[in-house]
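Structure record follows, encoded as structure tokens.
The values are calculated or read from the model by the stated rules, or taken from the named source; none is laboratory data. Worth saying up front: this structure is predicted, and the values here are computed from it rather than measured. Don't worry about glycine lacking a Cβ; one is built from the backbone with ideal geometry, like all the others, and counts go over all protein chains shown. To get the accessible areas, we keep the full protein, side chains included, count just its heavy atoms, and leave off ligands, DNA and RNA. Shrake-Rupley method; radii C 1.70, N 1.55, O 1.52, S 1.80 Å.
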Amino acid sequence: MKRFLLSCLILPLGLVLSAAELPDQVDTTALHYELEGVAVTGSRVPLAIGRGVRMVTVLEAEQIATTPAMTINDILKYASAVDVRQRGPFGMQTDVSIRGGNYNQITILLNGVNICDPQTGHNAFDLPVDMSEIERIEVIEGPAGRIYGTSSLLGAVNIVTKQAAESGLSAHVEGGSFGTFDGGISINHAGDKVNNQLSASYMRSDGYSRNAAGGLNSDFDATKLFWQSTAKLGIGKLSAHAGLSSRDFGSNTFYSARYDDQFEHTLKTYTAVSLETDGKIHFKPSIYWNRSQDRFELFRGDASRVPFNHHRTSVAGVNMNAWFETSLGRTSFGAEVRNEDIISTNLGEPLADAKPVKGYDSMYKCGLNRTDINLFFEHNVILPRLTASAGLSAAKNTGNNAGLGFYPSADASYRISDALKLYASYGSSLRMPTFTELYYSVGGHLADKNLRAERMQSLETGLKYRMNGVSASASLWYNHGSDLIDWIKDLNDGPDADWKSVNYTQINALGEELNLIFDIPAMLGRHDAFVQNVRFDYSHISQDYKHEANIQSTSVLEYLRNKLSASADLHLVGSLFMHVSARWMDRKGSYELFENNAPTGRTVDFTPYTLLDAKVYLDKGDWSVYLAGDNLLNKEYHDFGNIPQPGVWVRCGATFRIKMDR
């Protein structure tokens, strides 16, 4: 059966590549290819999405604005291959994964700059940008080692911010259930050569749950600041951004079901500068520096019972990408050097000289420093009906004893007709363990500092169709993962057994994805249709790993087995619109359920659930008002064990936009 499935995946790659035998002269005027659209990050050279080979889901600003989503985490729920698991509401702590992986196995980028946190992926989406500042979100599915290097084991998410063409000011305000408030302002100055934009936002809530003592334990407040600038120079375009994200949130039972009054504070800062040159050889160097500070309190506000955990992570990187075009295609090469450093109260090796934690009677006693070096090469062949690319990444990390590793990949797509495209790809990548996986040995956890890097190989094939308002895609993929890292708990050792970080030998996964979109106005040739568009998405994953009795897992053995979603946009009357979406989620795995403050729990399986969200909005161009609701069916559900999610959550808000003369 495995050989049969592999042949089903490999055969289309051969068929696609064999299509390279095309006539020397092709009448391209007769081929109505979809070449419009922005270049997306599915390769190391700029390619319009219509030409791209990799499976890339693009969520545009217009789509984002119509949904009830309040955060980037929420909008990612609309991508079929993405699993969004909430601990706290509205992205206070959300784990995002792709194709059955976990939150540490994807690369997060802000305007193409890697902002992954080597301490842990739990807070990877503590982003400094508000939803209103996003131009699009690109989700790259499958290993992306040759594009982004280490950490992109199963894909990447790139958040691209807006660059307004006109000077102006915009603001939004929102209020809702459980004392929720969200407000923000953005101002943009667009000059002939220089564009500057500054935004700020604040969000807070009392939360939806309380601890056993009656205190708030899911409350939060968050502040974001973001500045970005672009300048047109004689040699190209210079871009820069700087941002800050500060969050304080009740952590409920996030890390241990035995304690229901946990608390966490995170402060993240981001800076990056990049230059994109013109000319025969295009160079794009960039330099970035990110810092993350994290304080975890097992007993909220009471360090006398258990000392607070303090961590400070600093990441500095230099990236160079270059590409040129010849009659043979587009060739790209590049390199990245990334240094990751942490000082902590408990993560890492003992420091020779302890450092004080500013503002607290505590010391950073541990630390670790490692450098990741990546080299990249890629070549793209672009013909009227065929796009093919192949590449290689070479990686070395000073944090382990492994030598230089090589990770090849190849992609190809062939346009069978104006509407139908066949594609196939092979990819490989690796991921270094996070500092938490290596050293977090407190509070019932036992880490292994000798963990090996994870490795992944993937095959994928599929079809894409687009014509007359109908878009559809179907894909089949196979992942072979080795040395995958997970936290497991063996209940055979008793209810008080530690959670241990371990490497699994290998796990194979097979997945299928189906997507179908109907653009009704395009189909009917009229823009005033009541139903504007309808979308259906389905994904299914199966693993060949045999689940052992009484073994609990936090990631590898827990995955979204089935995800079915449907959504529709409706034009009610005049400028009044409505968006409605539903998702059915079926998760594989189990957790230990603690009831009535019992000292021990019982093992229960995750149960499927259905969520219904909706948004009604009046859009008058310069201003809009809306009413949105999440979980309108008031379903009880768990994304993680022992952390019940909120029921109905209703919000209303307004946005305003003012254009300014230069």
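Details
- Selection over segment 590-608 of residues that are in contact with a strand residue (DSSP E or B) (Cβ under 6 Å, 6 or more places away or on another chain) and either hydrophobic (A, V, I, L, M, F, W, C) or at pLDDT 80 or above (or both) gives a count of 6.
- Across segment 186-222, the number of residues qualifying as closer than 30 Å to S167 by Cβ, in a strand (DSSP E or B) and open to solvent by 50 Å² or more (accessible area, probe 1.4 Å) comes to 6.
- Residue in segment 354-364 that is free of Cβ contacts under 8 Å to residues at least 40 places away in the same chain and closer than 20 Å to E454 by Cβ present: no
- Filter pass, K464 being farther than 30 Å from M55 by Cα, in a strand (DSSP E or B) and open to solvent by less than 50 Å² (accessible area, probe 1.4 Å): no
- Residue satisfying all of: in segment 284-316; of a type in the set (F, W, Y) and either modelled with pLDDT under 95 or open to solvent by less than 70 Å² (accessible area, probe 1.4 Å) (or both); farthest from F254 (Cα to Cα) among these: Y288
- Residue list for segment 149-160, restricted to those being open to solvent by less than 10 Å² (accessible area, probe 1.4 Å) and within 15 Å of the chain's Cα centre (by Cα): S152, L153, L154, G155, A156, V157, N158, I159
- Looking only at segment 636-662, and only at residues there that are surrounded by 14 or more Cβ atoms within 10 Å (Cβ to Cβ) and charged (D, E, K, R), the one that is modelled with the highest pLDDT: R651
- Selection of helices (runs of 4 or more DSSP H) fully inside segment 44-158 by the criterion of at least 1 residues being closer than 20 Å to T223 by Cβ and in contact (Cβ under 8 Å) with a residue 40 or more places away in the chain returns 72-76.
- Taken together, the criteria place W323 among residues that are over 25 Å from L438 (Cβ atoms) and among the hydrophobic types (A, V, I, L, M, F, W, C).
- Given (1) in contact (Cβ under 8 Å) with a residue 40 or more places away in the chain; (2) of a type outside the set (K, R); (3) closer than 19 Å to V315 by Cβ; (4) open to solvent by 10 Å² or more (accessible area, probe 1.4 Å), index of the condition N369 fails: (1)
- Scanning segment 407-455 for residues that are outside any loop (DSSP other than H, G, I, E, B), more than 24 Å from the chain's Cα centre (by Cα) and either at positive phi or among the aromatic types (F, W, Y) (or both) yields a count of 2.
- Options S482, S575, S471, S555: the member that is open to solvent by less than 20 Å² (accessible area, probe 1.4 Å) and either at pLDDT below 95 or of a type in the set (G, A, S) (or both): S555
- Members of segment 603-634 found to be open to solvent by 60 Å² or more (accessible area, probe 1.4 Å), under 26 Å from H571 (Cβ atoms) and either among the charged types (D, E, K, R) or touching a Lys or Arg at 6+ places or on another chain (Cβ under 9 Å) (or both), listed by number: D619, K620, D622, W623, L627
- Of the residues making up segment 162-179, those that are open to solvent by less than 20 Å² (accessible area, probe 1.4 Å) and modelled with pLDDT under 95 are S167, G168.
- Under the condition of being in contact (Cβ under 8 Å) with a residue 40 or more places away in the chain, closer than 25 Å to G145 by Cα and polar (S, T, N, Q), the residues counted in segment 446-499 number 6.
- Residues that are open to solvent by 60 Å² or more (accessible area, probe 1.4 Å) and at negative phi within segment 519-542 comprise D519, M523, L524, R526, H527, D528, F530, F536, Y538, listed in sequence order.
- Verdict on A394 being of a type in the set (G, A, S) and open to solvent by 20 Å² or more (accessible area, probe 1.4 Å): no
- Failed criterion for R305 (all others in (1) farther than 22 Å from T120 by Cβ; (2) touching a strand residue (DSSP E or B) at 6+ places or on another chain (Cβ under 9 Å) hold): (2)
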